[in-house]
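The block underneath contains the structure these notes are about, expressed in structure tokens.
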Amino acid sequence: MKTVLWQRVVVLLALSASIAGAQTNPDGTADTGDAHAGQKLVNLESPQVVAKRLQWWSEARFGMFIHWGLYAQDGCFWRGKDGGSEHMMLKLEIPIAEYAKIANDFNPVKFQADEWVRTAQDAGMKYLILTAKHHDGFAMFDSPSDAYNIVKRTPFQRDPVKELAEACRRRGLKFGVYYSLGRDWHDPDVPTERKADGVRRSNTWDFPEEDKKDFAKYFARKVKPQVLELLTQYGPLAVLWFDTPEKISPAQSRELLALIHRLQPDCIVNARVGNRLGDYTVEEQAIPANGNPLPWESCMTLNRHWGFKKNDLEWKPAAELIRNLVDIASKGGNFLLNVGPTGEGVIPPPSVERLREVGQWMKVNREAIYGTTASPFKKFTWGRCTKKMTADGVTLYLHVFDWPKDGKLLVPGLVDTVESAALLAGNPDRHLETISTLAGTTVLVPEAAPDKISSTLVIKIKGPLTHPK
Ligand code: FHN
């Protein structure tokens, strides 16, 4: 089996190399950053092809991010020193030979893929993205092309990518993987850009001669073989979530995309494949004030760290998470919320508790999140709005954070005739009275808010909206 696979890999590598032409970005720059809000994505395919690929993702709105690797062994500490985050190898300049020793003890025997997937599913999440290889270069999957991986180098000897892919399939969630594209502290040929302070995020302690590093060698030796393994060993991959494109060239980004979509045309690729390519843009730890005309996803942590940081107890309250989800959906985005499992393979209980609370809210309000699109109105002072087009008109979901004390909820800009208004949590046949004025529509609501975090009203409008924006 492995021989056949490798023959396939060799053919594909040769084929893909012929694809790479010396391309530049439309404006001629060799921009190796990812597209940001408002920047145009360079689509290599028709908008219809991209829209079809993104359809399930746009409807899902909510996914689980999982940062898991050797850095979790002692909560981002190393030999008693605080490594700061999952970047601990960089922060402490841990030599490869020393960092690799962590693998000798990495044995997450409490890891249960079904438990993680159930936690995501119960929270209302529809997809799950696991770090297959982070900046430390350690593969959390069985990588025939690079023995520096969890199956070959740890007492655990199991493949979490395989187990999570299978558990997601069993439970009907989409599965994807994160891959650090332009940072790899285990490889001698990965130069990086200089940060604003002039410092690079490369491994300059084992490999000090930055100018001698040849990204093309790393790209051929490690990136392409491992991306091929991820695309051929685990069945359909819903998302390839690249990170930190750094010095990848436009030609290499295009070559990678061609390679991916030759094997799995439905695999969504984010904009951190580099050079303004990819299917959607990424916001990190932020929600753009006015959303983004492009497909976009905001990824956020549950506390202040991506990887498990044993002394970070600053867990965000469920209310903040729910309102972030609503805010993001009201702007047409997806929310990728992160968990950082421990070295034993356990999602920290405070994370699970908060995700359970989010799930309780989603149980009642999921209709107002899944399959919705951005609000047609300016942001409301009292909350947000999501929208669904229906066969005979438009359904507006009003997410009320601040419940009106006088029982009157003014919806500025809603000047269309309201067919019906009701509480999503209440009896759908118990209609609420609405009063249309030039300023908009006032909905007369009960005294008590159904939910102290965010209560949802369902407003049905016949025909298309004719409102002023
Ligand atoms: O450096 C990484 C970081 O560790 C984490 O993986 C985030 C997640 O989006 N991405 C990079 C920082 O932008």
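Yes or no, residue by residue, for (1) over 20 Å from residue 160 (Cβ atoms); (2) under 18 Å from the mean Cα position of the chain (by Cα); (3) open to solvent by 10 Å² or more (accessible area, probe 1.4 Å):
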site	(1), (2), (3)
232	no, no, yes
235	no, no, yes
239	no, yes, no
242	no, yes, no
261	yes, no, yes
271	yes, yes, no
277	yes, yes, no
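Considering only the range 101-115, I want to know if a residue exists there that is within 12 Å of the ligand (Cβ to nearest atom) and open to solvent by 10 Å² or more (accessible area, probe 1.4 Å).
Applying the first criterion (within 12 Å of the ligand (Cβ to nearest atom)) to the range 101-115 yields none.
Taking every residue of the range 101-115 in turn, none turns out to be within 12 Å of the ligand (Cβ to nearest atom) and open to solvent by 10 Å² or more (accessible area, probe 1.4 Å).
Within the range 138-150, the set of residues being closer than 21 Å to residue 89 by Cα and crowded, with 18+ Cβ neighbours inside 10 Å comprises 138, 139, 140, 141, 146, 148, 149, 150. The strands (runs of 3 or more DSSP E) found wholly in the range 393-468 include none carrying at least 2 residues that are in contact with a helix residue (DSSP H, G or I) (Cβ under 6 Å, 6 or more places away or on another chain) and at positive phi.
Number of residues in the range 190-208 that are within 17 Å of residue 134 (Cα to Cα) and among the hydrophobic types (A, V, I, L, M, F, W, C): the value is 1.
Confirm whether residue 160 is away from the ligand (no atom under 14 Å from the Cβ), within 22 Å of residue 104 (Cβ to Cβ) and surrounded by 22 or more Cβ atoms within 10 Å (Cβ to Cβ). Lay out the reasoning, then the answer.
Values: away from the ligand (no atom under 14 Å from the Cβ): yes; within 22 Å of residue 104 (Cβ to Cβ): yes; surrounded by 22 or more Cβ atoms within 10 Å (Cβ to Cβ): yes.
In short, yes.
Taking the conditions (1) within 16 Å of the ligand (Cβ to nearest atom); (2) small (Gly, Ala, Ser); (3) open to solvent by 10 Å² or more (accessible area, probe 1.4 Å); (4) closer than 30 Å to residue 294 by Cα in turn, residue 84 satisfies each one other than (4).
When you scan the range 139-157, do you find a residue that is part of a strand (DSSP E or B), in the same structural domain as residue 271 (by TED's automatic domain parsing), more than 18 Å from residue 57 (Cβ to Cβ) and more than 16 Å from the ligand (Cβ to nearest atom), even just one?
We begin by selecting, within the range 139-157, every residue part of a strand (DSSP E or B); these are 139, 149.
When the remaining residues are screened for being in the same structural domain as residue 271 (by TED's automatic domain parsing), the result is 139, 149.
This time we only want the ones that are more than 18 Å from residue 57 (Cβ to Cβ), so: 139, 149.
Checking which are more than 16 Å from the ligand (Cβ to nearest atom) leaves us with 149.
Within the range 139-157, one or more residues are part of a strand (DSSP E or B), in the same structural domain as residue 271 (by TED's automatic domain parsing), more than 18 Å from residue 57 (Cβ to Cβ) and more than 16 Å from the ligand (Cβ to nearest atom).
Residues of the range 273-296 that are in contact (Cβ under 8 Å) with a residue 60 or more places away in the chain and either among the small types (Gly, Ala, Ser) or within 13 Å of the ligand (Cβ to nearest atom) (or both): 274, 278, 281, 282, 283, 291. Is it true that residue 129 is buried (at least 18 other Cβ atoms within 10 Å of the Cβ) and within 15 Å of the ligand (Cβ to nearest atom)? Considered against the rule, which asks whether it is buried (at least 18 other Cβ atoms within 10 Å of the Cβ) and within 15 Å of the ligand (Cβ to nearest atom), residue 129 comes out as yes. With respect to the conditions (1) among the hydroxyl-bearing types (Ser, Thr, Tyr); (2) open to solvent by 20 Å² or more (accessible area, probe 1.4 Å); (3) closer than 30 Å to residue 154 by Cα, residue 390 lacks only one, and its number is (3).
Within the group 206, 187, which residue is open to solvent by 20 Å² or more (accessible area, probe 1.4 Å) and in a loop (DSSP other than H, G, I, E, B)? Spell out the reasoning first.
Numbers: 187 fails: open to solvent by 20 Å² or more (accessible area, probe 1.4 Å).
Sole residue among the options that is open to solvent by 20 Å² or more (accessible area, probe 1.4 Å) and in a loop (DSSP other than H, G, I, E, B): 206.
Specify the residue that is nearest to residue 374 (Cα to Cα); the eligible residues are those in the range 423-469 that are of a type in the set (Val, Ile, Thr) and at pLDDT below 95. Let's see the steps before the verdict.
Step one: list which residues in the range 423-469 are of a type in the set (Val, Ile, Thr), which gives 434-435, 437, 441-443, 445, 453, 456, 458-459, 461, 466.
Then keep just the ones that are at pLDDT below 95; that gives 437, 466.
Values: 437: 24, 466: 16 Å.
If we take residues in the range 423-469 being of a type in the set (Val, Ile, Thr) and at pLDDT below 95, then 466 is nearest to residue 374 (Cα to Cα).
Restricting attention to the range 163-184 and to residues that are within 16 Å of the ligand (Cβ to nearest atom) and open to solvent by less than 20 Å² (accessible area, probe 1.4 Å), the residue that is farthest from residue 213 (Cα to Cα) turns out to be 176.
The values are calculated or read from the model by the stated rules, or taken from the named source; none is laboratory data. Since this is a predicted model, take the numbers as computed values, not measurements. Backbone-built Cβ (ideal geometry, glycine too); neighbour counts: all protein chains shown. SASA here: full protein model, heavy atoms, side chains in, ligands and nucleic acids out. Shrake-Rupley method; radii C 1.70, N 1.55, O 1.52, S 1.80 Å.
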